Amino acid sequence: MGHLEKSVDLLSKKWSESAPMIKQAFFSNVQPLTTQIRTLEAEAQKLRTTINLGNTAVSQSLASRLSIDASPLRARSSSDAARVSAPLNELAASASAIDRDLRIAENTVALFSQASFPLKPEESPVLAIDGKIMKGDKSEGTLYFTNQRFVFEGKREVVLEKKLFIVTKKKTERTVMLEQPIGALQEIVKGRVGLIAWTGIYVRFKPECRVEETSFDVKGWEADVISRFFNYIIGGEADRDIAQIRGIPSNVTPAIKVVRCTHCDAPYTQEIFKGQTSVKCEYCGTQIIIQ
């Protein structure tokens, strides 16, 4: 969430620039209307007095004139109000977006703190969202995205103690059901999952991974968030933000490394995915650790 500080700074700057113009627009447009509105209020009071006196002809004449005078004032007041409120609405939308991402960040930290798996060296949490895997037992769980991995961790409630058929003690068991390097994911697509029109995502893996497409049931807005953050990771922006926070240069072009088998010295020729920490030698089957 390195962009949050940038977004807050941008919003503060935008407000500093907009506030004087908004205030000027308010005083220039609203104050003149106030005088006209008070004049109309006085005319309306006259109309009420005339109606109470039972003077029908005069009442109708006053009502007709009041309606004619009020119509352009109503149109102008709507136009002026829109002119003043438009920049405020834009700022409010930006503030709401920051607030939404802040809640996502807080939820991500809370979910990662409960995860059953540890983070690897140089690995940073990016996004965590609760969902359901739509295959097998369709377990409830959590989708985790780091700058190096995608993990789905299933969870289930285990009863530890009962008294008179009433559960008095239980615990949540968490088990990693799917784990892949983040670079092994080809795309994440929002769509309908299940027989009912549930909204979810389809996670598609690169063909060489030989992992079948997997769907997850999540809320509609969460599917959009997952797609946005997946692109944030794959596009390299997450690593740049993480490097900036850690004070590490992020503009250095990574060197191309040739991975060789520690047993037979054969080169590994397949794609090494972002986040992948080991590969299997194509010739002798030895597991090669990638530094």
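Since every read-out is calculated from the coordinates, none of them should be taken as a lab result. Predicted, not measured: the structure shown is a model, and the values here were computed from it. Cβ sites come from the backbone with ideal geometry, for glycine too, and all protein chains shown count toward neighbours.
Some values worked out for this structure:
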| quantity | calculated |
| --- | --- |
| Listed residue (44, 128, 115) projecting farthest to the positive dipole end of the chain, Cβ model | 44 |
| The chain - Rg (one decimal) and Dmax (whole number), Cα, Å | 31.2, 110 |
| Value of Rg/Rh across segment 95-161 [Cα atoms, Kirkwood radius] | 1.04 |
| Inter-site label distance for residue 53 and residue 97 at 7 Å from Cα along Cβ, in nm | 6.0 |
| Residue list for segment 42-59, given a label point 7 angstrom along the Cα-to-Cβ vector of residue 69 and an amide N cut-off under 12 Å | 42-48 |
| Angle in degrees between helix 220-234 and the longest Cα principal axis of the chain, rounded to the nearest 10 | 50 |
| Hydrodynamic radius of segment 1-88 per Kirkwood, over alpha carbon pairs, in Å | 16.2 |
| C-alpha long axis of helix 3-53 to longest principal axis of the chain, angle in ° | 30 |
| Extension reserve of the residue 76-residue 271 stretch, reckoned as 0.36 nm per residue once the Cα distance is removed | 63.8 nm |
| Debye intensity ratio I(q)/I(0), log10, segment 128-246, q values 0.16 Å⁻¹ (C-alpha model) | -0.80 |
| MRE, 222 nm, helices only [DSSP H, n ≥ 4, -39500 (n - 2.57), over the chain, to nearest 500] | -17000 deg cm²/dmol |
| Above-threshold pairs, the threshold being 24 Å between Cα atoms, out of 206/274; 120/274; 135/274; 6/132; 138/280; 14/219 | 135/274; 6/132; 138/280; 14/219 |
| In degrees, nearest ten, helix 56-114 long axis to first principal axis of the chain (Cα) | 20 |
| Net charge over other residues, Cβ less than 12 angstrom from the Cβ of residue 120 (K, R count +1; D, E count -1) | -2 |
| Segment residue 4-residue 23, length gained on full extension (0.36 nm per residue, minus Cα span) | 4.1 nm |
| Cα-projected label distance for residue 83 with residue 13, points at 7 Å along beta-carbon direction, nm | 2.8 |
| Separation between Cα centres of segment 132-169 and segment 1-45, rounded to whole Å | 50 |
